[in-house]
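**Q** If you scroll down you'll find the structure; I have some questions about it.
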Amino acid sequence: MTGKIHILRSDLANKIAAGEVVQRPASAIKELIENSLDAGAASVFVRIEDAGKTVIQVVDDGEGMSEEDATMAFRRHATSKISVPEDLENIQTLGFRGEALASIGAVSQVELKTRTAHEDVGTLVRVEGDEIKEATRIACDRGTSVTVRNLFYNTPARRNFLKSQQTERKQATDVVTRMALAYPNVSWKYESDGEIMLNLARTSFEGRVQDIVGKKAFDQLVPVRETTEYVSIDGFIGRPDFARRNRTDQFLFLNGRFIVNRAINHAVFQAYEHLLIKGSFPFFILRLRVDPRQIDVNVHPSKLEVKFENESNLYRFVLSVIRRTLATHDLVPSVEMADAESGAMNARLRFGGQAPDPMAIPGQIDLDQLFRRARPLQEGVAVNSFGPIVRREPAERIVPQEAEHSAAQDGRAIWQVHNKYILSQIKTGIMIVDQHVAHERILYERAIASFENNLPASQQLLFPQTVELTPGDSALVRDLLPHLETLGFVLKPFGRNTVVIEGIPADVRVGSERKILQDLLDEYRNNEHHATVDARDNLAKSFACKAAIKAGDRLSVQEMIGLIDQLFLTTMPYVCPHGRPVVVKISLEELDKRFGRT
Amino acid sequence: MKFTVASTEIQRVLSKIIGVVPAKSTLPILENILFELKKNTLRLMATDLEVSMAATVEVKGTEDGSITIPAKRLMETIRALSDVNIVFTADLASNKVKMMTENGEYTLLGESGEEFPTIPQFKGEDRIVLDGSILRKIIGRTNFSVSTDELRPAMTGVLFQAQPQGLRAVATDGHRLVRFTVKGIKQSQLRKDIIIPAKALNLALRTAEEAESTILVDATHVQFLFGTTTLTSRLIEEHYPNYESVIPLDNTKIVSVNRETLLASVRRVALYSSTTTHQIRFSIKGNEMRIAAEDLDFGGEARENVACKYNGEEIEIGFNSLYVIDMLSHMDADEVSFKLSTPVRAAIMTPAAQKENEDLLMLVMPVRLNV
């Protein structure tokens, strides 16, 4: 009696293995393109039909293969890319496992045409379900052309699991797009059901990014560049208001390979911190270069995941580079009026200013010229675990601009509009500040700073205020008591659910003590539901939001000047802790254009 | 309605009551002034529904009637006229008001006098009679420290109380408090505590003349009678906080210092305090008081020394400089005494020597300093 256990037939084994490598048309496309690129192609043509379910064709002008290699290529674990174990430690090519073609061949009908430069006649190999059906000489162009037909024709289960036409087509397009971004020096052509989707000439990285994202969007990007011995990074990140509702516009390339890495994505996200509105994700295209010996791509056949030898260092590196890049760019949104033809006044927010050299300091910001302030940019500040808080240097007070304008009350052109916004003239046009969020930003940073010092100033109350709390709020107050005290509250728990307010932060508006505490707790709870935030940060945000002057509060000229002075002392005056813009500029050119003065 | 009046006369009366007219109102007729003519007596009235003022003036009347006239334009016109006689003619059917001078004619569109809100008939139950100068002093000493917080309406007015020691007025905004008691009021019959809104008191301060003034009080309103002008205000019907309980009795550290020297010094040093907290610091040791401020945002700091009389142990205490300046400038003593206990408990300020028939106490809560 024979044993129950036997070695699987090779075609069956291949079918099983194929499941890992080829999950959908897009993965087959990825494998084929990687082969083309490893073969040194200068141009790649990709054609799909029926979202790749019926036909996938990848044509390159790479080095091609000899007849012998061409048939060999379909064998499992056949590769030209590595040969000795040491090579695995130092992988320079995209592929190396020797599985792709074998796997694709196991689940489809493949036709491969190839010719090397020094041969006159090429080779045609036809494979169907892991069997070589035909291998003949044929006339063809230099390079390799692989046509995959009827993917998963012999694995109906897998075929049934394919998603809708649109989803699969999008996946395929994403693959080609990523490859095109990673290899700007290759020209790309991509056709889906006879329609040309991409047609990209070889260009620089910048050029390619611009081709992919479009000219308009490209203006919203900020370049990133940094090199160290261990790692180098370059690419583009989106200005905060260019953020998306999902993570699709995030491209991370490691040594030319598109990868997904939660840690690095998180580092970028973290760097944006309060610049983003809740629930949105930054746009980025980043290329990392790391010595291949420091990484391990051999985690999964699809090679989307990579293990780093020192992931936490890389995390900090990315975090600080992105933070610094953001800090050095003019993030003031300026208003660009609608195009003439649309006629409507639906002014669109846009982060203005050109993208200057990433290493430049923010000297070019007009606002800085008006609000002359010293804002030293400290190296390494960004690595502070508690947000982009820079120890503030004393700055100069605003010097009123010389009287080219017929100014308001005391020589500064500044007005309050609808008790809500502050309007001010600046050198290049006008600036509008939202008074509530501006104050919020100031209080937020002050709160953060006061957590670090001990015991800030606290205005003692003549009539201590008794506040009745719900048991939940009461417990929360007890938990947060030390933090609340460092904010300037003096609270005495009194009985079970009662707390007596004896002192309040010195800059809280008089008379709203009880309300502020209650609102602060509500806001704190609210924030708690979103994301995992640091308790102190949450408290600072809640406090800032609730203690800040509100839209509708009337401000004197002195108060407005004070507010703006202090706003520009903060580390990030353009965005409030919740990510809303604080300052909007309208340039003179824009106004001129509106009034037909061009 | 028709009458003749000298422009200076009507301007004098108008300027008394114009302060009541609200700049913007949901009820547009409140931006008008009511003119009522009976024989030779013209009565002008303005109201914002909380506070109303009326004044009478003798004119040469021809035809009785009543109409309301837009206050702002009327006042500006009359102010711009030189000393001339004006003939007012109101057509009560079209509500057109014509003002004629020797060589000018101005027409305004008014509204019918009947639409003007009626002021409740006032029957004073309690009565206080005092000199205008004393009333002005009471208001001047207290009104600056009322609260503007509408969440605590009781504190938006000044409390008046009859006390065995005399008539007492108290104002507080929760951070500072003033208690002022005056003896020797001519007639002081006040059977309950009343809270008079700050706006009414400001108007009273402007209107009160040296001559005798009478204050009438009923259940819901107060009325000031100043000669031919009356000011009526609704009372704030709230419980005033128990202010007595927060005035400490055991403040034993007593410092006395020249008021004007200190005020000038605090004003200068306060220029260097933070624009949001206005915090200044008093360090008192021996016969020297050191006042210091620093502005962390802009990196300024200032220090001054003021001579004082003190023999307690060294103390350091912080204040909001605005409060200190307010209080010192609303006193008229040469020497002021500070009574302190600890840096987080109420500080008391009084004139070193109380004036005859007066008792003034000011209290300010300190700012806990960051150590």
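Only the coordinates and a few stated rules stand behind these numbers; no lab work does. Owing to the predicted nature of the structure, the values given are computational and were not obtained by experimental measurement. Virtual Cβ from ideal backbone geometry, glycine too; neighbours counted across all protein chains shown.
**Q** D for the stretch A:91-144, whole µm²/s, Stokes-Einstein with Kirkwood Rh over alpha-carbon pairs at 20 °C and 1.002 mPa s: what number?
**A** Answer, rounded: 175 µm²/s.
**Q** Calculate the mean, over all residues of peptide B:268-281, of how many other protein chain Cβ atoms lie within 10 angstrom of the residue's Cβ.
**A** Counting Cβ atoms of other protein chains within 10 Å of each residue's Cβ and averaging gives 3.
**Q** Something else now. Suppose R0 equals 30 Å. What FRET efficiency, 1/(1 + (r/R0)^6) with r the Cβ-Cβ distance, do A:VAL84 and A:ARG9 give to the nearest 0.05?
**A** The computed FRET efficiency comes out at 0.50.
**Q** Let me ask something additional. Around B:LYS253, with a cut-off of 13 angstrom between Cβ atoms, what is the net charge of the other residues, counting Lys and Arg +1 and Asp and Glu -1?
**A** 0
**Q** If you stretched the chain out fully between A:LYS427 and A:GLN92, how much longer would it get, using 0.36 nm times the residue separation minus the C-alpha to C-alpha distance? Write out the running numbers ahead of the final one.
**A** On the way: separation 335, 0.36 × 335 = 120.60 nm, distance 5.32 nm.
That works out to 115.3 nm of additional length.
**Q** Would you mind estimating how fast the protein assembly as shown diffuses translationally, via Stokes-Einstein at 37 °C and 0.692 mPa s with the Kirkwood radius over Cα pairs, in µm²/s?
**A** Details: Rh = 35.2 Å.
After rounding, the answer is 93 µm²/s.
**Q** Determine the distance separating the Cα centre of the stretch A:34-86 from the Cα centre of the stretch B:98-157; give it in Å without decimals.
**A** Result: 93 Å between the Cα centres.
**Q** Quick one: order B:MET1, B:MET349 by neighbouring beta-carbon count within 10 Å, fewest to most.
**A** B:MET1, B:MET349
**Q** Here's another thing I want to ask about it. Please report Rg over Rh for the stretch B:247-364, where both radii come from the alpha carbon positions and Rh follows the Kirkwood definition.
**A** 0.96
**Q** Normalising by the residue count of the stretch B:76-168, find the relative contact order in percent from Cα pairs under 8 Å and 6+ residues apart.
**A** Here the relative contact order equals 12 percent.
**Q** Between beta-carbons, use under 14 Å as the cut-off and find the net charge around B:ALA353, counting Lys and Arg +1, Asp and Glu -1.
**A** Numbers: positive: B:ARG259, B:LYS309, B:LYS355; negative: B:ASP332, B:ASP334, B:GLU335, B:GLU356, B:GLU358, B:ASP359.
Once positives and negatives cancel, what remains is -3.
**Q** Over all alpha-carbon pairs of chain B, lay out the pair-distance distribution in 10 Å bins, whole %, shortest bin first.
**A** Histogram of Cα-Cα distances, whole percents per bin: 5, 21, 24, 19, 16, 10, 4, 1.
**Q** Compute the helix-to-body angle for B:259-270: its Cα long axis versus the longest principal axis of chain B, expressed 0 to 90° and rounded to tens.
**A** 90
**Q** Right, here's the next one. Counting only the backbone N, which residues of the stretch B:70-101 are under 15 Å from the spot 7 Å out from the Cα of B:THR8 toward its beta-carbon?
**A** The answer is B:79-86.
**Q** To the nearest 0.05, how large is the calculated FRET efficiency for A:LYS593 and B:ASN311 if R₀ is 51 Å and r is the Cβ-Cβ distance?
**A** The calculated FRET efficiency here is 0.10.
**Q** Let me ask something additional. Would you mind checking B:LYS38/B:LYS123; A:LYS30/A:LYS307; A:LYS550/B:LYS192; A:LYS427/A:LYS541; B:LYS2/B:LYS72 for any pair whose Cα atoms are more than 29 angstrom apart? Please list the in-between numbers first.
**A** Details: B:LYS38/B:LYS123 23 Å; A:LYS30/A:LYS307 20 Å; A:LYS550/B:LYS192 38 Å; A:LYS427/A:LYS541 32 Å; B:LYS2/B:LYS72 21 Å.
Violating the 29 Å limit, Cα to Cα: A:LYS550/B:LYS192; A:LYS427/A:LYS541.
**Q** Within the stretch A:148-184, name every residue whose backbone N is under 18 Å away from a label modeled 7 Å from Cα of A:GLU134 along the Cβ vector.
**A** Residues A:148-151 fall inside that zone.
**Q** Given labels modelled 7 Å from the Cα in the Cβ direction, how far is it in nm from B:THR26 to A:ASN419?
**A** 1.3
**Q** What is the Cα centroid distance between the stretch A:106-158 and the stretch A:260-299, reported in whole angstrom?
**A** When both Cα centres are located, 38 Å separates them.
**Q** Need the C-alpha centroid separation for the stretch B:181-225 versus the stretch A:572-598, integer Å.
**A** For the stretch B:181-225 versus the stretch A:572-598, the Cα centre distance is 54 Å.
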